[in-house]
Amino acid sequence: MDCRVPVKLLLVGAGIRGEVWARVCSDAPGVDLVGIVDRDLSKAEAVRSIHHIKNALIGEDLEHALRVTQPDAVIVATPPNTHYNLVSIALSAGNHVLCEKPLSDQMSEVIDLVLQARNDGLELLVGMNFRYLSTSQRIKQYVETQELGNLSHAQFSYVRHRDGGRDDLNDYPLEMLYPMLFEQSIHHFDLLRYCYGAEVHSLVADSWKPTWSTYKNDCCVSVLFRFEDNVHVNYFGTWTGSWNKMEFRWRSEFSRGVLIQQSQFDDLIRIDFQPEMGLSGSRFKEEDEAETSHAERMPACVPFVDDSRMLLDELVRAIQKEQIPTTTAADHLRSLCLVPASIESLEKKSWVNLQEYYEKLGVSQAVGDSHCYGK
């Protein structure tokens with residue numbers, strides 16, 4: 001039986017992600033959701049009703065809600081342009097924070113939040129919860145155990161037609177600069193760092209906007225990464241495809257085989273390399289002539305929910321001093337730096353060295369020796 005005192009959480013934001021966090025918090029053991037804050041009180045009321053959170057305070061002012069509910073931690077699930085102010089308020093009141101990414105699109109503001117949390121001894125986690133998908137954990141396991149040998153190179157492709165006019169999607173990306181980079185690619189860049197357990201040495205990037213896009217600015221991104229361990233990754237992502245079928249493909253090449261993730265949340269296969277097969281048979285082999293692929297057996301996943309549950313568990317365990325968190329703001333800063341570094345590369349049409357870029361932005365003090373893989 002769990003005899004710990006429940007962690008009191010205050011949720012800020014009752015939109016699409018806020019509703020998911022309300023669901024996750026209402027189901028989580030050892031958690032008490034004490035309030036929901038949103039400028040639209042009707043949204044907050046609806047979320048409270050849907051998830052039967054009867055005793056949660058409903059309010060539109062964060063500072064008032066903090067005084068009344070006295071939470072242990074705050075979850076911020078609002079549009080990105082509000083994050084810095086809301087996280088600052090929560091930290092200043094002595095609260096741990098879990099914030100949806102990004103903490104800010106201004107590096108100086110992210111650095112300020114990282115240092116504020118560190119100086120006050122508070123946990124500041126960022127919602128990079130794709131790390132907790134079963135597929136991500138399995139890829140990371142293969143890299144660490146070297147069961148398929150050393151990782152050499154990879155291709156990561158995300159092709160989607162995301163019409164920003166849908167009622168069930170956030171619409172603020174429609175006007176953002178580089179919406180694909182800041183809202184979607186950041187997750188993929190973070191996964192590459194996390195699963196491969198390595199930092200980016202340098203990158204070169206490009207971006208553009210197709211004529212039929214529903215977005216005001218660039219929504220196609222191409223990046224070539226060189227990691228510090230000499231792993232090379234070719235990345236392509238877009239929110240403006242010409243086919244409404246979603247395509248996700250992440251292929252990781254090891255010395256003794258391949259892992260291919262064929263869907264955003266599952267469908268991971270393994271191929272054991274047989275070099276001798278290249279010496280006979282067809283020169284351009286079809287699938288039935290090549291090595292057999294084997295599906296990796298993993299637990300079923302409810303997208304955006306189960307992975308959020310695991311991130312919430314990381315926050316709770318960190319507050320309870322039972323776990324050293326890895327999905328921290330300092331680590332997020334390393335992933336986030338890849339976004340403006342990509343923008344600098346495409347604007348200058350040249351490679352960007354990440355260590356030099358850290359020094360240019362003054363982020364070295366904030367990131368410290370923090371790595372997503374625990375080094």
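The values are calculated or read from the model by the stated rules, or taken from the named source; none is laboratory data. Remember, predicted model here, so these are calculated numbers, not experimental data. Glycine also receives a Cβ, built like all others from the backbone with ideal geometry; neighbour counts cover every protein chain displayed.
For Val339, which of the numbered conditions (1) over 20 Å from the mean Cα position of the chain (by Cα); (2) in contact (Cβ under 8 Å) with a residue 40 or more places away in the chain fails to hold?
Unmet condition: (1).
Output the number of residues of segment 308-336 satisfying the condition of being acidic (Asp, Glu) and without any contact (Cβ under 8 Å) to a residue 40 or more places away in the chain.
Looking only at that region, the number is 1.
Just the residues that are out of contact with any helix residue (DSSP H, G or I) (no Cβ under 9 Å at 6 or more places or on another chain) and acidic (Asp, Glu), please, taken from segment 229-271.
Listed by number, the residues that qualify are Glu247, Glu253.
Checking the condition within 17 Å of the chain's Cα centre (by Cα) and either among the polar types (S, T, N, Q) or not assigned by TED's automatic domain parsing to the domain that holds Ser242 (or both), which residue from Ser152, Ser88, Ser134, Ser108 passes?
Ser134
Listed here are the residues, each with its yes/no results for (1) free of Cβ contacts under 8 Å to residues at least 60 places away in the same chain; (2) out of contact with any strand residue (DSSP E or B) (no Cβ under 7 Å at 6 or more places or on another chain); (3) part of a strand (DSSP E or B).
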site: Leu203; (1), (2), (3): no, no, yes
site: Lys216; (1), (2), (3): yes, yes, no
site: Thr240; (1), (2), (3): no, no, no
site: Arg251; (1), (2), (3): no, no, yes
site: Gly281; (1), (2), (3): yes, yes, no
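Quick one: in segment 317-341, which of the residues that are among the aliphatic types (A, V, I, L, M) and either under 17 Å from Val110 (Cβ atoms) or in contact with a helix residue (DSSP H, G or I) (Cβ under 8 Å, 6 or more places away or on another chain) (or both) is surrounded by the most Cβ atoms within 10 Å (Cβ to Cβ)?
Only one residue tops the list, namely Ala329.
Looking only at residues in segment 17-46 that are within 24 Å of the chain's Cα centre (by Cα), aliphatic (A, V, I, L, M) and assigned to a helix (DSSP H, G or I), which one is surrounded by the fewest Cβ atoms within 10 Å (Cβ to Cβ)?
Looking at residues that are within 24 Å of the chain's Cα centre (by Cα), aliphatic (A, V, I, L, M) and assigned to a helix (DSSP H, G or I), I get Val20.
Could you please let me know if Ser350 is over 30 Å from Ala28 (Cβ atoms), over 21 Å from the mean Cα position of the chain (by Cα) and among the small types (Gly, Ala, Ser)?
yes
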